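Before any comments, here is the structure.
Please treat every number below as a calculation from the coordinates, not as lab data. Not measured: the values here are computed from a predicted model. Counting neighbours? That spans all protein chains shown, and the Cβs are built from the backbone with ideal geometry, glycine included.
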Amino acid sequence: MHSVILATAIRLLLPLMLLFSLFLLLRGHNEPGGGFVGGLVVAAAFALYTLAHGEKEGRRMLRVDPLRLVASGLLVALVSGLLPLLVGLPFLTALWSSVPAPVIGHAGTPLLFDLGVYLLVAGMSLLIIFTLMEE
Amino acid sequence: MRIAALLSIPCGLFIWFALQIGAVADGQVLQSSLAWLPTLGITLSLRLDGLGLLFALLISGIGALVLLYASSYLHDDPHLDRFYAFILAFMAAMLGTVLAGDLITLFVFWELTSLCSFVLIGFDYQSQASRKAALQALLVTGAGGLALLGGIILLGQVAGSLELTTILASGEQVRNHALYLPMLLLVLAGAFTKSAQFPFQFWLPNAMAAPTPVSAYLHSATMVKLGVFLLARFSPVLGGSDSWFVCLTGIGGITLLLGAVRAITCSDLKQILAWTTVSALGMLTLLLGLGTPLAISAAMLLLTVHALYKSALFLAAGAVDHGAGSRDINRLGGLAGTMPQVALASGLAALSMAGVVPLAGFIAKELFYEATLQAPTAATLLTLVAFLGNGLTVTAALLTGWLPFYGMLKDDTLHPHPVDLRLWLPPLLPAALGLLIGLFPGPAGRLLMAPAAAQVAGSPLPLSLGLWHGFSPVLLLSLATLGAGLALFSLRRPLLARLQPSQPSAGWDTERLYDWLLIGLPRLALGITLRLQSGRLRYYLMTVTGVAVALMALNLMTSSNDDLQLPRPDGSLHEWLTALVILAGALFATITRSRLAAVASLGVVGYGVALVYILFGAPDLAMTQFCIETLSIILFVLVLHKLPHFALLSSTASRLRDLVVALGVGTVMTWLVWRAISQPLVPSLSTWFLEQSLPAGHGRNVVNVILVDFRALDTLGEITVLAVAALGVYAMLKPRSGGEGSD
């Protein structure tokens, strides 16, 4: 299945979609968005790229083994929950920086947690898609 | 030397415990506790009282002897280090159990002793018999442990506390409670499995597959007495009722006779000793069942005396095995010449076991007879049982303490040689202690037995032990017992020869039931699994949805449906149109003849649902739904071209059945939603989230704040499930595409 239109369009769309997914992730705390949908957008972007250019090229473009994305996502989410233990608060208590950060407003462990969800969802979807597309 | 360092542990403990004798004999109870799970009221609590101290001294003292003994007995075993580790872990678990001041602490250590017993019985893991015996011991005592847990929880609920001190004081309240009988039976199941009482007696002789030091330590002196310990521990709370009396004296009596009879039919020294242990445990259970002050004193003395003589006999049997190469009494004989110290130890221990003046066993037997003669009910029957059991025990004592050491060596192929100090000193010490207690019973009784008996009875008991009780029916009984035992010993051979033909089948045994269960349970499980795990996705789906929907329907039908109101058909035109699109998509998916069309129409359904989300103000959900639908269609397309041509393979009947299931699911779900919206909404939760989102969660998107902050633990669980599911898919698809060695 090769389509010139898709192949050309996705080259432009891929960075845009990835950027959009980051945008969804970062604004998620205040506006519609979040890690889950952001991760799905990443997966959709790479899935379209892979449809157009084949599984090997898709994997090369992702650069990371999707299985590692799944594992690191879970790890990041877990670490964000473990951090409060260091200051003596219960597991998964949200910690917030007192200084407002640019773009995202307040920074805190929930964002880190959402990043974990983002990585895991993207990795999981791509793991299945790549495995199915292998010939 | 390493063994010296290791020995310092039990020896140090023994000395520390010995130093506490004075304080404990004065009636003090040493306690210490550490909050473990404070929210559940569970503490890690230790308590040293008379009963615990008696056990602790036996455990640490005999433990030290067994360590010393094992260093010689197993000196060429490649896994000697492992053995030390296991036996010390076991010692810790035992001490924890007898010193526990809290029911949960008690239970945890109790289970640890079962686990240690498992690894120690299976120490020779290359032998199939060892592995089988280890598993059997674990399953039997483990099942008892579960029952005990149930009993402990009930006891804690009824007494209102898990602290032993509180529970021991609430005996009246527990015995009058409606749940007293189930509680008692559960605790008894735990005690009886551990102490190898009928019908669980079979695991103990099989456990003799363990190395001899283990048999001496776990399966005679300490662990099997834990059941008796448990009965003694809870005797002030659970004891004194009719059911307690009937269960304990009945089961104890049966076990006592069964063990004693089986003992004298065996020819392996360890088997004889194992069955006499079963018999002695029966005696202890019977005495605790009687529950009179006399019986409790007798039980405490018998327990100590039995631990001393039985560990001595076991260790001596191991020394004989080591020095002569056999444990078969039909082959051994005349060993007193080559190993005089072992013969002395065995002789002393056997005399104590037979209850001969002036050894401690004699006093224990006298007290036993006194207790049965003065029993409140069925005194004659109990005394008869005691007489038979004791007589058979005398015979068994002669078999183990006399036969191997005197007379002529019966098998010329054996070449006995002397054994070293580490093999003869450990049996000699407890045997000699039996003599010492017999000669000076006063101090031992006052310092050790009386405080222990006071704990069991719940109040101080007048206990004075003496060797000489004057001419009484008890003394006559003792003499008659010795006579009967001697007579049986001389008649044993012809009797056994007569019984021989029926011997191989050995008649009916409760072990058959165990074997039957062991074979039957996996078969049952296999049958159920084959039925449930058909391997066909459609049946799984049908089972899961069918059961869920049936349960919901049952619930909906039994609850009141009065407040159900037919919702008024309001809504604007575009809402109706969206609903129509969803319905049309679903209908088309079921009737189309093209696979691609089916996938596309499912996509229509999905997008329609996403539209509904938008219409009712859930942009997050809608966005996620759109992404999911898109990805699903991509996945479908990827799979589709690998599938064979679309064809109608199922029969009309099965399609009709699917239709019924599908419509059933739809109906019940509609019903459920209808019910849900007819109820007045509980506003507190959603309002709380809305109000707290910005101040507490620092975010205006409530959905996201809930996901990553308020209910983050749920999300963590969900993404873990996602990760596992991804791994599952990966593992399922990988073998097909693997083989290129790309990973």
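Taking the alpha-carbon distance from residue B:410 and a cut-off under 23 Å, which lysines remain once sequence neighbours fewer than 8 residues away in the same chain are dropped? Output for residue B:410: B:270.
To the nearest 10 degrees, how steep is helix B:684-697 against the longest Cα principal axis of chain B, on a 0 to 90 scale? Tilt relative to chain B: about 90 degrees. Calculated [222 nm] ellipticity per residue, helices only, for chain B: -24000 deg cm²/dmol; basis is -39500 (n - 2.57) per DSSP H run with n ≥ 4, divided by all residues, nearest 500. Mean-square fluctuations from a GNM of chain A, with a 10 angstrom spring cutoff on Cα atoms, peak among A:19, A:120, A:69 at A:19.
Across segment B:551-559, computed HN-Hα scalar couplings (Karplus, 6.51 cos²θ - 1.76 cosθ + 1.60, θ = phi - 60°) run 5, 5, 4, 4, 5, 5, 5, 6, 7 Hz from first to last residue, x flagging Gly and Pro.
How big is the shadow of the Cα convex hull of segment A:4-133, averaged over all directions, in nm²? Before the final figure, lay out each step's value.
Details: hull surface 34.3 nm².
Result: a mean projected hull area of 8.6 nm².
Charge dipole of segment B:536-687 (Cα centre as origin; +1 on each Lys and Arg Cβ, -1 on each Asp and Glu Cβ, all else neutral): 760 debye, rounded to the nearest 20. What the phi angles of segment B:383-388 give under the Karplus curve with 6.51, -1.76 and 1.60, with θ = phi - 60°, is a coupling list of 5, 4, 4, 4, 4, 4 Hz, glycine and proline written as x.
Among A:83, A:26, A:111, the residue with the largest mean-square fluctuation in a Gaussian network model of chain A, with springs joining Cα atoms closer than 10 Å, is A:83. Taking Cα centre as origin and charging only the Cβ of basic (Lys, Arg, +1) and acidic (Asp, Glu, -1) residues, the dipole magnitude of the protein assembly as shown rounds to 1400 debye.
Taking a ≥ b ≥ c as the square roots of the eigenvalues of the Cα gyration tensor, the protein assembly as shown is classed as prolate, since a/c reaches at least 1.5 and a/b is larger than b/c. Which residue, A:43, A:112, A:85, has the largest displacement toward the positive end of the dipole of segment A:29-135 when charges sit on each Cβ (Lys, Arg +1; Asp, Glu -1)? Comparing the listed Cα positions along the dipole, A:85 ranks first. Between helix B:473-499 and chain B, what is the angle of the helix's C-alpha long axis to the longest principal axis, kept within 0 to 90° and rounded to the nearest 10? That helix lies at roughly 70 degrees to the long axis. Structural descriptor for chain B: relative contact order 10 percent, calculated from alpha carbon pairs under 8 angstrom and at least 6 residues apart.
Shape analysis of segment B:536-687 places it in the oblate category; the axes a ≥ b ≥ c from the Cα gyration tensor give an a/c of at least 1.5, with a/b not above b/c.
Helix B:712-737 axis versus longest C-alpha principal axis of chain B: approximately 90°, rounded to the nearest ten. Neighbouring Cβ atoms from other chains, within 10 Å of the Cβ of residues in A:49-56, number 1 on average. Taking a quarter of the surface of the convex hull around the Cα atoms of segment B:281-326, what do you get in nm²? Quarter of the Cα hull surface area: 3.3 nm². For chain B, a simple Cβ point-charge model (Lys and Arg +1, Asp and Glu -1, everything else neutral) yields a dipole of about 1480 debye relative to the Cα centre.
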